[in-house]
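Let me begin by presenting the structure, written as structure tokens, before commenting on it.
Only the coordinates and a few stated rules stand behind these numbers; no lab work does. Because the structure is predicted, anything quoted here is derived from the model rather than measured. All Cβ positions, even for glycine, are placed from backbone atoms using ideal geometry, and neighbour counts span all protein chains on display.
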Amino acid sequence: MTNKLLTSIDIGTNTFRLLIGTVSQDHSNGAYSINEVHSERVVTRLGEGLNDSGHLSEEAIARSIAVLKHFSNLISQYDITDVSAIATSALREADNSAVFIKKAMQTAGLKINIVSGEREAELSSAGMFIDMIRPQESLLIDIGGGSTELILTREHPVFMQSIPMGVVYLSDKYLDEDPPSRESLLKMEREIMQGADKFHEEFKDRFSSVPEMIGTAGTISSLAAIKHRLQSYDSDIIHKTVLSFNDIENIYSQMVQIKTAERKKYLPFEASRLDIIVPGNLILLAIMKKFHINSLTVSSYGLREGILIDLYKKLNGTTGL
């Protein structure tokens with residue numbers, strides 16, 4: 001079973017991620033590892049405009065189905081039968097998500113399962129600790145396109161919270177000027193701080209001390225890439241990067257003063273993320289302020305790796321993460 005190729009697909013509000021690989025477990029400590037055969041991530045903006053309309057636009061559906069067809073063709077080339085495709089915030093909230101799911105099956109032959117925010121957080125946490133030593137107590141953060149997940153973990157996830165506040169949602173709602181106006185930034189910051197207040201109330205009495213913070217997904221990886229001045233995406237460099245609060249604050253100060261196109265010099269390989277890095281950056285700063293956290297460690301792994309591990313466990317007749 002360890003050498004059997006499996007596929008996971010993370011259908012996010014902003015980005016779709018594909019992972020083809022094998023999973024193995026170290027029975028001495030229970031840790032899982034993944035041998036990656038092929039991976040891709042494509043920005044589709046599936047949730048673009050969802051905040052205003054309540055449904056997925058025809059354009060966003062068309063873009064996203066085209067990517068799923070591409071993924072399906074790749075899966076066929078590897079002759080893989082075990083696939084797990086998981087959808088998150090955008091399909092949880094859209095009133096026409098059933099239309100998208102039907103098209104994905106008809107056009108790409110992919111069965112999509114929508115998971116709750118809590119289940120999304122659980123799967124993400126399973127992936128984030130690959131190639132990392134688990135701290136005694138940690139706060140995991142996954143900033144997505146439509147929602148943000150926080151997970152308090154010790155040996156296992158202890159408490160999880162998901163709120164519908166992500167980078168695409170905030171960008172659509174507030175960033176209608178380029179560069180953003182001070183007024184729009186203040187309004188966005190006010191909403192983010194309200195969300196952070198909710199997080200803080202839910203979590204504050206559950207910590208024994210100030211936890212170590214670990215972050216994953218596009219915003220946080222992009223901040224690590226900017227810190228290292230990368231000209232192309234390099235997971236090996238990004239993984240385990242430590243970002244201080246000052247690093248993140250300085251990047252935010254630079255980003256808000258310039259137009260989206262000018263940000264390309266800081267992130268030349270990911271033009272599709274240049275507009276949404278501002279709200280993602282602000283979410284991270286707000287959470288760190290609330291919990292008095294001075295730095296975080298970046299994980300290059302997350303939901304799609306957790307989905308693959310979960311699929312492996314199901315095929316082996318075991319449950320839980």
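Listing D52, D205, D310 from the residue with the fewest other Cβ atoms within 10 Å to the one with the most, what is the order?
D205, D52, D310
Kindly provide the helix-only [θ] at 222 nm of the chain, computed as the sum of -39,500 (n - 2.57) over DSSP H runs of four or more divided by all residues, to the nearest 500 deg cm²/dmol?
The per-residue figure over the chain is -12500 deg cm²/dmol.
Can you grab the distance from the C-alpha centre of segment 1-71 to the C-alpha centre of segment 179-217, Å, no decimals?
Cα centres, segment 1-71 to segment 179-217: 26 Å.
Please list, by residue number, everything in segment 90-118 whose backbone N is under 13 Å from a paramagnetic label point 7 Å out along Cα→Cβ of S53.
94-97, 100
With +1 on the Cβ of every Lys and Arg and -1 on the Cβ of every Asp and Glu, and nothing else charged, how large is the dipole of segment 270-311 about its Cα centre, in debye rounded to the nearest 20?
220 debye
Across segment 307-318, in residue order, what do the Karplus-derived ³J(HN,Hα) couplings come to in whole Hz, using 6.51 cos²θ - 1.76 cosθ + 1.60 with θ = phi - 60° and x for Gly and Pro?
4, 5, 5, 4, 5, 4, 5, 5, 5, 9, x, 10
So how do H228, H27, H239 line up by other beta-carbon neighbours within 10 Å, fewest first?
Lowest count first: H27, H228, H239.
Restricting attention to segment 1-85, which trypsin sites (Lys or Arg not before Pro) occupy a DSSP loop and are surrounded by at most 13 other Cβ atoms within 10 Å?
Details: sites: K4, R17, R41, R45, R63, K69; in loops: K4, R45.
Within segment 1-85, the qualifying trypsin sites (Lys or Arg not before Pro) (loop, at most 13 other Cβ atoms within 10 Å) are K4.
Of S84, V99, I192, which is farthest along the charge dipole of the chain in the positive direction, counting Lys and Arg as +1 and Asp and Glu as -1 at C-beta?
The residue sitting most towards the positive pole is S84.
Counting other Cβ atoms within 10 Å, keep those with at most 15, restrict to DSSP loop, and tell me which trypsin sites (Lys or Arg not before Pro) in segment 216-321 are left.
When the trypsin sites (Lys or Arg not before Pro) of segment 216-321 are filtered for loop state and at most 15 Cβ neighbours within 10 Å, R229, K240, K259 remain.
In the Gaussian network model of the chain, springs joining C-alpha atoms below 10 Å, which of S208, S272, S89 carries the largest mean-square fluctuation?
Checking each option, the largest mean-square fluctuation is seen for S208.
Antiparallel versus total DSSP beta bridges in the chain: what percent is that, nearest 5?
Working: 32 of 48 bridges.
Counting DSSP beta bridges with both partners in the chain, the antiparallel share is about 65 percent.
Mind telling me which of S222, S33, S76 comes out most flexible in a GNM of the chain, alpha-carbon contacts under 10 Å?
S76
Taking θ = phi - 60°, what integer Hz values does the Karplus form 6.51 cos²θ - 1.76 cosθ + 1.60 yield along segment 238-252, in sequence order, with x for Gly and Pro?
Calculated HN-Hα couplings, in order: 5, 4, 6, 4, 9, 9, 7, 4, 5, 4, 5, 5, 5, 4, 4 Hz.
Rank I11, I276, I80 by mean-square fluctuation in a GNM of the chain with C-alpha springs under 10 angstrom and give only the top-ranked residue.
It is I80.
Loop-only check: which chymotrypsin sites (Phe, Trp or Tyr not before Pro) in segment 78-186 are DSSP coil with at most 14 other Cβ within 10 angstrom? Can you show the working numbers first?
Numbers: sites: Y78, F100, F129, F159, Y169, Y174; in loops: Y78, F129.
Taking segment 78-186 and a limit of 14 other Cβ atoms within 10 Å, the loop chymotrypsin sites (Phe, Trp or Tyr not before Pro) found are Y78.
Classify segment 132-298: rounded, prolate or oblate, from the alpha-carbon gyration tensor (a ≥ b ≥ c, eigenvalue square roots; a/c under 1.5 rounded; otherwise prolate if a/b is larger than b/c)? Spell out each step's value before the answer.
Values: a/c = 2.07, a/b = 1.30, b/c = 1.59.
It comes out oblate by the Cα gyration axes.
Can you tell me the Rg and the Dmax, both Å, for the Cα atoms in segment 70-226?
Rg and Dmax of segment 70-226, Cα atoms, are 18.1, 53 Å.
By the gyration tensor of its Cα atoms, with a ≥ b ≥ c the square roots of the eigenvalues, what is the shape of segment 1-106: rounded for a/c under 1.5, prolate for a/b over b/c, or oblate? List each step's numbers first, then the result.
Details: a/c = 2.74, a/b = 1.94, b/c = 1.42.
Note, shape of segment 1-106 comes out prolate.
Calculate the length of the line joining the C-alpha centroid of segment 139-160 to that of segment 84-134, in whole Å.
Using only Cα atoms, the two centres lie 16 Å from each other.
Go through segment 185-199 residue by residue and turn each phi into a ³J(HN,Hα) via Karplus (6.51, -1.76, 1.60, θ = phi - 60°); whole Hz please, and just put x for glycine and proline.
5, 5, 5, 5, 4, 4, 5, 4, 5, 5, x, 5, 4, 5, 4
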